Amino acid sequence: MKSVDLLKNKGVMNFTPIFLLIIAYSFLQGILFEYVFKNIVGYNILSVLCSYIFPAVILLFSVKYFEKTTFDYFGFSKENNLVAIKSGLGLAIFSVVGIVVILLVSNNISLTLSKGLKIGIIIILIILVLIQGFLEEVVFRGYLMTRLAAKKGKWIAIILSALFYIVFRMSNPTTSKLDLINIFLISIVMSLLYWYFDNILVIAIFHAFWNCISGVIFGFNISGIRVSASIFTVEAISDKQILIGGSYGVEGGIIATVFFAILGLLVYMGLYLKMFRRIARNK
């Protein structure tokens, strides 16, 4: 991976205190916004600003003035960006729509067009949710995982970044054992996709549009957080919450577990095929 090679050549500074500070801050503000500030005006905007944009600004400041690196060190690429965007968007549409269709056909949920739709609010929510999902991948995979990989190696970096992400998500409401398993699994798959495409845009777009499509379009909770407005309203018909994902959202259901397990296996096989082809070319 180019960003990891760049970091190895440059030498990686001790980034642990900065990242732990961001995790602690995000965990604390997540609790505050869920249990203290939930009913204030502009909750969604303030939550995104405090949860993602402020930590991202801290991180960018650290990278610019302490690491003295560029966006290349986050996994951004100057090549094949259109392919990366299309791949991330395609994965998001295929996965969310596929899971929703399965739930509809199996009579586990119903979808109805939301009444009193306010287009302005929907547009604002789409922008905020896209920013949130995009920045999460930049922070956890683009920043944390690449620096861990440069110091500790690929697989340790993938596992540790997934564990950090679980800690980050534990501040969300309604986090069950299956939710945590899926969070870990999704983190592993996102990391594998990043290694396969060698471009952070793929997983940043995937994550951003997964949240946007599942939450703002279909009306599911996003990682346990209720979206204040959506194009459709989803209602559970059956009591099989393990399939639907319960109050956590579609990523908390067993269907999402199966989907990401299959996707992870396919990407893992793809990584080894790329490696074998590279070895064959060098012979």
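The values are calculated or read from the model by the stated rules, or taken from the named source; none is laboratory data. Owing to the predicted nature of the structure, the values given are computational and were not obtained by experimental measurement. Ideal geometry is used to build each Cβ from the backbone, glycine not excepted, and the neighbour counts take in all protein chains shown.
Considering only the stretch 169-193, state which residues are modelled with pLDDT under 85 and in contact with a helix residue (DSSP H, G or I) (Cβ under 6 Å, 6 or more places away or on another chain).
ARG169, SER171, PRO173, THR174
Working only within the stretch 246-283, note down all residues that are in contact (Cβ under 8 Å) with a residue 40 or more places away in the chain and outside any helix (DSSP H, G or I).
Of everything in the stretch 246-283, just one residue is in contact (Cβ under 8 Å) with a residue 40 or more places away in the chain and outside any helix (DSSP H, G or I), namely GLY253.
Would you check which residues across the stretch 131-158 are among the β-branched types (Val, Ile, Thr), farther than 15 Å from LEU59 by Cβ and more than 15 Å from the chain's Cα centre (by Cα) and list them?
Answer for the stretch 131-158, where residues must be among the β-branched types (Val, Ile, Thr), farther than 15 Å from LEU59 by Cβ and more than 15 Å from the chain's Cα centre (by Cα): just ILE156.
Which residues, counting only those in the stretch 244-254, are hydrophobic (A, V, I, L, M, F, W, C) and surrounded by 20 or more Cβ atoms within 10 Å (Cβ to Cβ)?
Hits for the stretch 244-254 are ILE244, VAL250.
If I filter the stretch 169-179 for residues that are in a helix (DSSP H, G or I) and under 23 Å from ALA204 (Cβ atoms), do I get at least one hit?
Checked the stretch 169-179: at least one residue is in a helix (DSSP H, G or I) and under 23 Å from ALA204 (Cβ atoms).
Consider SER214 against the criteria (1) within 17 Å of LEU91 (Cβ to Cβ); (2) of a type in the set (Ser, Thr, Tyr); (3) surrounded by fewer than 14 Cβ atoms within 10 Å (Cβ to Cβ): it satisfies all of them except one. Which criterion is unmet?
Failed condition: (3).
Which one of the conditions (1) at pLDDT below 65; (2) in a helix (DSSP H, G or I); (3) out of contact with any Leu (no Cβ under 7 Å at 6 or more places or on another chain) does VAL57 fail to meet, given that it meets all the rest?
Looking at each condition in turn, VAL57 falls short on (1).
Can you tell me which residue among SER3, SER95, SER87, SER51 is hydroxyl-bearing (Ser, Thr, Tyr), surrounded by 14 or more Cβ atoms within 10 Å (Cβ to Cβ) and at pLDDT below 75?
Being hydroxyl-bearing (Ser, Thr, Tyr), surrounded by 14 or more Cβ atoms within 10 Å (Cβ to Cβ) and at pLDDT below 75 holds for just one of SER3, SER95, SER87, SER51, which is SER51.
Please determine whether any residue of the stretch 157-169 is surrounded by fewer than 16 Cβ atoms within 10 Å (Cβ to Cβ), over 22 Å from LEU91 (Cβ atoms) and either small (Gly, Ala, Ser) or touching a residue at least 60 places away in the same chain (Cβ under 8 Å) (or both).
yes
Can you pull out the residues in the stretch 195-234 that are part of a helix (DSSP H, G or I) and more than 15 Å from LEU135 (Cβ to Cβ)?
The answer is TRP195, TYR196, PHE197, VAL202, ILE213, SER214, GLY215, VAL216, ILE217.
Every residue, every condition in (1) modelled with pLDDT of 95 or more; (2) of a type in the set (Lys, Arg); (3) in contact with a strand residue (DSSP E or B) (Cβ under 6 Å, 6 or more places away or on another chain), yes or no:
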{"residue": "TRP195", "(1), (2), (3)": "no, no, no"}
{"residue": "ASN211", "(1), (2), (3)": "no, no, yes"}
{"residue": "SER223", "(1), (2), (3)": "no, no, no"}
{"residue": "LYS240", "(1), (2), (3)": "no, yes, no"}
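Is there a residue being over 30 Å from GLY219 (Cβ atoms) and either of a type in the set (Val, Ile, Thr) or in contact (Cβ under 8 Å) with a residue 12 or more places away in the chain (or both) anywhere in the stretch 176-195?
Looking for residues that are over 30 Å from GLY219 (Cβ atoms) and either of a type in the set (Val, Ile, Thr) or in contact (Cβ under 8 Å) with a residue 12 or more places away in the chain (or both), one finds at least one in the stretch 176-195, hence yes.
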